Every structure is written in C-alpha cells, then in structure tokens.
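The block underneath contains the structure these notes are about, expressed in structure tokens.
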C-alpha cells in the first residue's frame, strides 16, 4: 500500500513549513508528499525549495483549494490519499494509525479524530459531533452518510485514490462546502472506518484580509447558503440513496433552503426569499412541519431559525 499526501497552499509561507515538517517526521513515512502551490505571491516558493527532493512541488495559477487538491490527486501515484491543509499539523503517528486500520478491501475511507484549536478553545471534532469510536482500532460503518453530514474535516481523512477518482474529485465551482460535497459522494460508494485516535491539530491562524472563508461567509450569507443548498440538492438527486438516507438528505436540503430564504430576507431581498422558502416546504419529508418551521423562522428571525434548523457548533475551515 502506497500513501500519497496532498497539501494545497496559498500564501502560507510561514505555516506551510510546519505542516510539511509534521509529515516528514511520521513514524510510518509517506510514500510521496505533493505540495500544490496555488499561485502564491509571497515567498512560499522559496520555503518549498528548502525541502529539496523530500517533497514534490506542483505550481499552478491560482484556482482555489479545490483546483489545488485536484492537481495533487492527478499527480499522485499512491493507492491512498491523505489530505492536510497548510496551516495544520499531523501528530507523528497519523499515517501509522491509517496503516494500522486498513486491511478490509471493501473499505475506501478512513476517518480519525482531530483537535480543533483557536483563541480560547480546544475541542475534539468527532466528540463535538457526539461521535465516539475506539482509539486502538477502527470501527467499520457500512452506511456513513449521516455521520458525514454531521461535519467532518479532510485533515483527518484518507481515502482510496480510485474512490476519489470515481467520485469525480472536488467541485472547483464551489467556494465553500467543497469538502462536504466530495465526502457525501464518497459516502455513497461503500463502508468507511472511524477511529477516535487523535492524529491532527487543526489551528486557526491570523489571516491576511480577505483570505479567511469564515469572513467571506459573514460578508455574503446568501452565497454561503446557496452553496450549501446546492450541495444537498445534488445529493438529493442521487439514485443510490436508501429510503432513510433520502429522508435525511431531504430534511437537510429543506433546512438549507430555509436558511437561504432567511439570508435573502436579512439582505433586504424579500421577493428572492419566496422561491427557496416554498422549495424548503415542498422538499421536507414532512411538509406541514416544514411550513410551521418556516412561519416561525420568518416571524421570529434568524436566532429562532438557527434553533429550528438544528445548526451545530462548527469549526470553519479557511482557504488552504
């Protein structure tokens, strides 16, 4: 089994050095490390050059994190792909944990626990989602879609390269939720493995103006909600969903459309809120319940909407 590591980066000269170093000290070495420089304008190229032939650098014009990851996937030669954002670091046993758990040829994705850290907080992602698995091994989950939709992070995920190619890679037209999009498509291909072994530290660093995706989400909530509705809309159109999965996806799509309607209302665009509001009601597995939810949301505002749509505490990834 060969493992290819893909690290996309953009104007992260200071952080990317530490990310790469954390891969180079793995107790189970990576078979190749592909760093995709997505058109950086700082001194990222000089930092990458310092690593010599220990990494493979792919330089390309700026196209966004999805294009960068797709470039890494296209150049990878490994059987498995492991992803790391350039502001995060792996613990030394990250790849050893992956190798420890693999063996079932039916499994195509491996998920481990990770630490989310930032100013004033430090939490475990799977624990934050209410998910608990063994630390000394991995449990197989035959139908992982519900767990994927709860919100996972690529930094602690590895997948078979042939599964990723079959899924079509990352959607380069999505500015946000591109990871959720590809992971839901991977969830429909077969069983996944989950372990609560901590393998990564995801850190929020101070970004140059305009770089952080959380800032973009706050500036343009309509665009953000449109992207989420698009991801769930594409998933709802899949033919291979089991009845319980289809109900789950329709509920998520209904909530995303309701969020989009509220975003339009807050933006002073009430007429544009009508279409997603009606689609939210018609899409929901229980239209009467959805109608009541929409009525309360519009009457009481976004605070009540957040409670009604069941938004989870999140940890937003920033541009890699």
Every residue from segment 87-115 that is more than 22 Å from residue 192 (Cα to Cα), touching a helix residue (DSSP H, G or I) at 6+ places or on another chain (Cβ under 6 Å) and modelled with pLDDT of 95 or more: 88, 89
Tell me the residue from 73, 58 that is in contact with a strand residue (DSSP E or B) (Cβ under 8 Å, 6 or more places away or on another chain), assigned to a strand (DSSP E or B) and in the same structural domain as residue 36 (by TED's automatic domain parsing), please. 58
How many residues are in contact with a strand residue (DSSP E or B) (Cβ under 9 Å, 6 or more places away or on another chain) and assigned to a helix (DSSP H, G or I) when one looks only at segment 37-46? 2
Filter pass, residue 93 being within 27 Å of residue 175 (Cβ to Cβ), in contact (Cβ under 8 Å) with a residue 40 or more places away in the chain and surrounded by fewer than 18 Cβ atoms within 10 Å (Cβ to Cβ): no
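The values are calculated or read from the model by the stated rules, or taken from the named source; none is laboratory data. Only a predicted model underlies this, so the values are computations on that prediction, with no experimental measurement involved. FYI the Cβ positions are ideal-geometry reconstructions off the backbone, even for glycines, and counts take in every protein chain you see.
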